[in-house]
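> The structure's right below; bear with me while I get my questions together.
What follows is calculated from the coordinates using simple rules that are stated; it is not laboratory data. Since we're looking at a predicted model, the values are computed, not measured. Cβ sites come from the backbone with ideal geometry, for glycine too, and all protein chains shown count toward neighbours.
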Amino acid sequence: MPDPCPQRIFDRRDIRRFRNRSRNDFARYDFLVQNSAQSLSDRLCDIRRQFDTAAIDGPCPFTHPSIRRSYHIGENAPCDIVADNEVLPFAGHSLNLFASILTLHTANDLPGALVQIRRSLTPDGLFLAALFGGETLFELRDAMTRAELATRGGVSPRVFPFADKQQMGSLLQRAGFALPVVDSDLITVTYRDLRALMHDLRGMGQSNAIAARDRRNPGKALFTEAERIYRKAHADEDGRLRATFEIIYLIGWAPHESQQKPLRPGSATARLADALGTNEHNVPTRRRPTQHS
Amino acid sequence: MTQDVDPKLLEILVCPLTKVPLRYDRAAQELISDQAGLAYPIRDGIPIMLVDEARKLEDREVRK
């Protein structure tokens, strides 16, 4: 089978493996998923619309309490399916809601994943997502990079390359979503030590799944040095290590003619000056500054 | 004991590779994509729509 995405950042098998490994104990580490699912749920409450065919892409089964609590799932028993969000198994125009909870940051081809989601939506269908953004774990990235340079004379990717919030709006538009909205939250969690942070990340199923990662045993020296740097640069006054998680929230709609659209430039039929009850003044053309070569 | 898949779910599921509708083999608990030559397993009523967990179909199994 040809690889659908030749430039793979993430090893998707590892991602599934780490997720499965964390499944049994997930409720102990699901605070970020809970938090994001709740935020998405709040946004959903603001939209007065019934969604009868919805897909929720989450790091744990749909029936898991983490998701169930936030979405007030009632009589309509949901169905779980296992799927890869890089190759979605939904027919075109089959869903009116697609919500993704902290999974899209591991897509190798994020624009492609967004296009597939948009295609699976009916016209005027809604896409909601929470994903980790570029600020996430910047302290860990900094400490690991500097420690690795110091102890091994080179660096290897140890923290996921997260998407930048600034790019998400245009990515949504490129994927064909109308009325895109992007915002974000910064959540700072403090940890006793580096080990506790690593333990939490593992519990969330977010261990390093970068395809090109250094798979050798990192050795103790690297972590001792990383912890020293981390504590020096990114600790609270009481000595606890700060870890930032940036959660980007996306909203987009599959296009439909009922949606509001900007008018063509020059198509206005009323003058702004009349609406404001003021006079219109021409702006004097500014002379170019003389250039000295 | 086999758990049946919700018929509404079967309506919206397609083969993730070819995006064509799937054939439901109730006895084998598989969702079959003739075009891709793959059978996606259903475990405890949960369709596993992963290409690397799908079973490759024998030639005689494929319906044209």
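> Could you list the chymotrypsin sites (Phe, Trp or Tyr not before Pro) in segment A:8-62 that lie in coil according to DSSP, counting only those with at most 16 other Cβ atoms within 10 Å of their Cβ?
Here the sparse-neighbourhood loop sites are A:F51.
> Please name which of A:L201, A:V82, B:S33 has its Cα lying farthest along the dipole of the protein assembly as shown towards the positive end, using unit charges on Cβ (Lys, Arg +1; Asp, Glu -1) and the Cα centre as origin.
Most positive-ward Cα: A:L201.
> Taking the square root of 5 times each eigenvalue of the Cα gyration tensor, what semi-axes in Å does the equivalent ellipsoid of segment A:122-200 have, largest first?
34, 16, 9
> From the Cα gyration tensor of chain B, with a ≥ b ≥ c the square roots of its eigenvalues, which class applies: rounded if a/c is under 1.5, or else prolate if a/b is larger than b/c, or else oblate?
Prolate.
> May I ask you to compute the full-extension gain from A:D42 to A:T285, defined as 0.36 nm times their residue separation minus their alpha-carbon distance, rounded to one decimal in nm?
82.6 nm
> So, with +1 on the Cβ of K and R and -1 on the Cβ of D and E, and no other charges, what is the size of the charge dipole of chain B about its Cα centre, to the nearest 20 debye?
For chain B, the charge dipole is close to 200 debye.
> Of all GluC sites (Glu not before Pro) in segment B:26-64, which ones are in loop regions per DSSP and have a Cβ with at most 14 other Cβ atoms within 10 Å?
B:E58
> Could you tell me the calculated FRET efficiency between A:D14 and A:L272, based on Cβ-Cβ distance and R0 = 41 angstrom, to the nearest 0.05?
0.15
> Build a GNM of chain A with springs between Cα atoms under 10 Å: which of A:T103, A:T278, A:T53 gets the top mean-square fluctuation?
Top of the fluctuation ranking is A:T278.
> Whole-Hz ³J(HN,Hα) for each residue in segment A:129-146, computed from phi via Karplus 6.51 cos²θ - 1.76 cosθ + 1.60 with θ = phi - 60°, x for glycine and proline: what do you get?
Rounded to whole hertz, the list is 8, 10, 9, 5, x, x, 7, 4, 6, 5, 5, 5, 4, 4, 5, 5, 4, 5.
> Take the Cα pairs of chain A, get the Kirkwood Rh, then feed it into Stokes-Einstein at 25 °C and 0.890 mPa s and tell me D in µm²/s.
Translational diffusion coefficient: 112 µm²/s.
> Same structure, new question: Build a GNM of chain A with springs between Cα atoms under 10 Å: which of A:H281, A:H234, A:H93 gets the top mean-square fluctuation?
A:H281
> Oh, and also: Run down the lysines and flag those whose C-alpha is under 22 Å from the C-alpha of B:K56, throwing out any fewer than 8 positions away in its chain.
List returned: B:K19, B:K64.
> What does the extension gain come out to for A:L186 and A:K232, with contour length at 0.36 nm per residue minus their alpha carbon separation?
Taking A:L186 through A:K232 to full extension adds about 14.4 nm, to one decimal.
> Still on this structure, please answer the following. Report, in deg cm²/dmol and to the nearest 500, the calculated mean residue ellipticity at 222 nm for chain A, where each DSSP H run with n ≥ 4 adds -39500 (n - 2.57) and the sum is divided by the residue count. Present the calculation step by step, with values, prior to reporting the outcome.
Details: 9 runs with 98 residues, N = 293.
Mean residue ellipticity at 222 nm (helix-derived): -10000 deg cm²/dmol.
> Please report, in debye to the nearest 20, how large the charge dipole of segment A:12-260 is about its Cα centre when each Lys and Arg carries +1 at its beta carbon and each Asp and Glu carries -1 there.
Charge dipole, segment A:12-260, about its Cα centre: 1000 debye, nearest 20.
> From the cross-link list A:K165/B:K8; A:K261/B:K8; A:K165/A:K232; A:K165/A:K220, which pairs have alpha carbons spaced over 32 Å apart? List each step's numbers first, then the result.
Numbers: A:K165/B:K8 36 Å; A:K261/B:K8 34 Å; A:K165/A:K232 28 Å; A:K165/A:K220 35 Å.
In this structure, A:K165/B:K8; A:K261/B:K8; A:K165/A:K220 exceed 32 Å between Cα atoms.
> Given a Förster distance of 25 Å, report the FRET efficiency between A:S156 and A:V115 from their Cβ-Cβ distance, rounded to the nearest 0.05.
Numbers: r = 31 Å, r/R0 = 1.25.
According to the calculation, E is roughly 0.20.
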